[in-house]
Amino acid sequence: REFYVWRDRLSRRLIREDGFSFIAIEGDWAALLPLDRYVRHDPDGPVSAAHALLQVRRWPRWVWANAELLVLGEWLRAFNRGRPAERRVGIHGMDLYAVWESLDAILAFYHSRAPEAAVSVDRLLGFLRSFDGDARAYADHVRRTGRSAQCEVAWVARDLARRHRDAAPPDRDALFELLQHAKVAESGERYLRWLHLPGPWSWNVRADHFERTVARLLDHYGAGSRAIVWAHNTHIGDARATDSVYAGEANIGQLARERHGRDAVFAVGFGTATGSVLAARRWEGARRTMRTPLPRRDSLEAALLAAGGGDRVLILDPGSPVTRALRRTLPHRAIGVVFDPRREHLLNYVPSRLVDRYDAFVFLPQTQALNPLHAE
């Protein structure tokens, strides 16, 4: 909960005082569209942030549909009230899992706005749609037969990119939304097609999709736009400062620094020592509130806990002699949506050079579980 509250506070200041343009969240593009429409006063948007977030369907719903994000959604709507449409701050999902939801949106567009191409697009996307949301079945089919929908989703993405490029300004917003749906389908299909391969391939497809989505949003919002990205530490902190580099895995923190330069990217990590967390024991399992065990004795979190009580922030200036000790590699806790406290000391620590991984690190010794909106 506290990670969300602090990200909210930091985001409000960046938006209010420094004119940041949008927030991109490690969630599905389709799932967060209702919230974006609500905060930007779209006449077709839902009636409240709660109504928008309760439309989130895919597991793990609690990561986005929670009381903490609801509060930010209502604040963003109030902040945008009275601002011209082109200056309203948006909130977007940047993930690729919701392939079939994006396919449905694409087909709805062609049938209503481009009927001359609808039959062709129906035929092109029919094979992928026949798996009816079963991502594992599609991945298994590609592995067994070698047949995929790669060319078909790429053709649709190119067609929507052309339509977006050639559109008059009033239509560009709607076509950008469709273009991003097409990019979700294209990247999501590639992710599933490579899921069975050993090595970093599928992980890197997702990292690349995150980074390219934010880059497209920056371009869409216009010259001088700036982004706030909410994601897990494993995505935000530069992968080159962890053991991911040996596996060939990149992340958005690394890719954004490579695209924009280190001085144009400020990465903030979050850590905790004890309390409770909302997670599941297995992928797509039931959520539960679990105790957060004390950190491993050799970890960064244990060292920070031993150094004194209270919340604190470390500003990691690479040129400062104070940060010299943080150039050594330390185990750094990484609790995700799948979590087993009994095996935490074996599975949930990433060897990290903190000063190279982040620009700042927020340490909150005691944190509590999120407050989900959906009953379960």
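Below, the figures for the structure above:
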quantity: Sorted largest first, extent of segment 160-267 alpha carbons per principal axis (Å); calculated: 47, 36, 18
quantity: Cα shape, segment 208-312, gyration tensor, a/c 1.5 rule; calculated: prolate
quantity: Cα long-axis angle, helix 29-39 against the chain (0 to 90 degrees, to the nearest 10); calculated: 90
quantity: Dipole magnitude of segment 260-321 about its Cα centre (Cβ charges: Lys, Arg +1; Asp, Glu -1), debye to nearest 20; calculated: 480
quantity: Per-pair calculated FRET efficiency, R0 = 51 Å: V313 and R165 via Cβ, rounded to 0.05; calculated: 0.75
quantity: Long-range HN-HN contacts of R333 with modeled amide H, under 5 Å; calculated: L300, E301, V350
quantity: Dipole in debye (nearest 20) - the chain, about Cα centre, beta carbon charges: Lys, Arg +1; Asp, Glu -1; calculated: 700
quantity: Cα Rg, Dmax (largest Cα-Cα span) when computed across segment 145-197, Å; calculated: 13.2, 44
quantity: Candidates per GluC sites (Glu not before Pro) in segment 277-372, loop by DSSP, up to 11 other Cβ within 10 Å; calculated: E284
quantity: Nearest-20 debye value, segment 233-376 charge dipole, Cβ charges on Lys, Arg, Asp, Glu; calculated: 340
quantity: Interchain or long-range residues, amide H under 5 Å from G27's placed H; calculated: M94, D95
quantity: Label-point gap, in nm, between R343 and R158 - each point 7 angstrom along Cα→Cβ; calculated: 4.5
quantity: Rounded if a/c under 1.5, otherwise prolate or oblate - segment 27-184, Cα gyration tensor axes; calculated: oblate
quantity: Long-range amide H partners of V338 with built H, under 5 Å; calculated: A280
quantity: For segment 71-162: Kirkwood Rh in Å [reciprocal of mean 1/r, alpha carbons]; calculated: 15.9
quantity: Inter-centroid distance (Cα atoms) of segment 237-261 relative to segment 84-102, Å; calculated: 24
quantity: Integer Hz, Karplus 6.51/-1.76/1.60 couplings in order for segment 77-91, x for Gly and Pro; calculated: 5, 5, 5, 6, 4, x, 7, x, 3, 6, 10, 6, 7, x, 9
quantity: Hz values of 3J(HN,Hα) by residue in segment 174-184 - Karplus curve (6.51, -1.76, 1.60), Gly and Pro given as x; calculated: 5, 6, 5, 4, 5, 4, 5, 4, 5, 5, 4
quantity: Extension reserve of the F79-R147 stretch, reckoned as 0.36 nm per residue once the Cα distance is removed; calculated: 19.6 nm
quantity: Value of relative contact order over the chain, rounded to a whole percent, pairs C-alpha under 8 Å and six or more apart; calculated: 19
quantity: Residue-normalised accessible area of the chain, expressed per residue, 1.4 Å probe, Å²; calculated: 47
quantity: Extension gain from E284 to R16, taking 0.36 nm per residue of separation minus the Cα-Cα distance; calculated: 92.8 nm
quantity: Normalised per residue, the volume of the convex hull around the Cα set of the chain (Å³); calculated: 146
quantity: Given charges at Cβ of Lys, Arg, Asp, Glu: the chain dipole, positive-most of L278, Y110, L197; calculated: L278
quantity: Distance between segment 7-55 and segment 141-206 - C-alpha centres, whole angstrom; calculated: 24
quantity: Positive minus negative residues near Y97 (Lys, Arg vs Asp, Glu; Cβ under 10 Å); calculated: -1
quantity: Helix-only [θ]222 nm of the chain, DSSP H runs n ≥ 4, -39500 (n - 2.57) each, per residue, nearest 500; calculated: -15000 deg cm²/dmol
quantity: Selection of trypsin sites (Lys or Arg not before Pro), segment 100-197, meeting DSSP coil and at most 10 other Cβ within 10 Å; calculated: R147
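The values are calculated or read from the model by the stated rules, or taken from the named source; none is laboratory data. What you are looking at is a predicted structure, and each value in this text was computed from that prediction instead of being measured. All Cβ positions, glycine included, derive from the backbone under ideal geometry; neighbour counts span all protein chains shown. The area values use the complete protein model at the heavy-atom level, side chains included, leaving out ligands, DNA and RNA. Shrake-Rupley method; radii C 1.70, N 1.55, O 1.52, S 1.80 Å.
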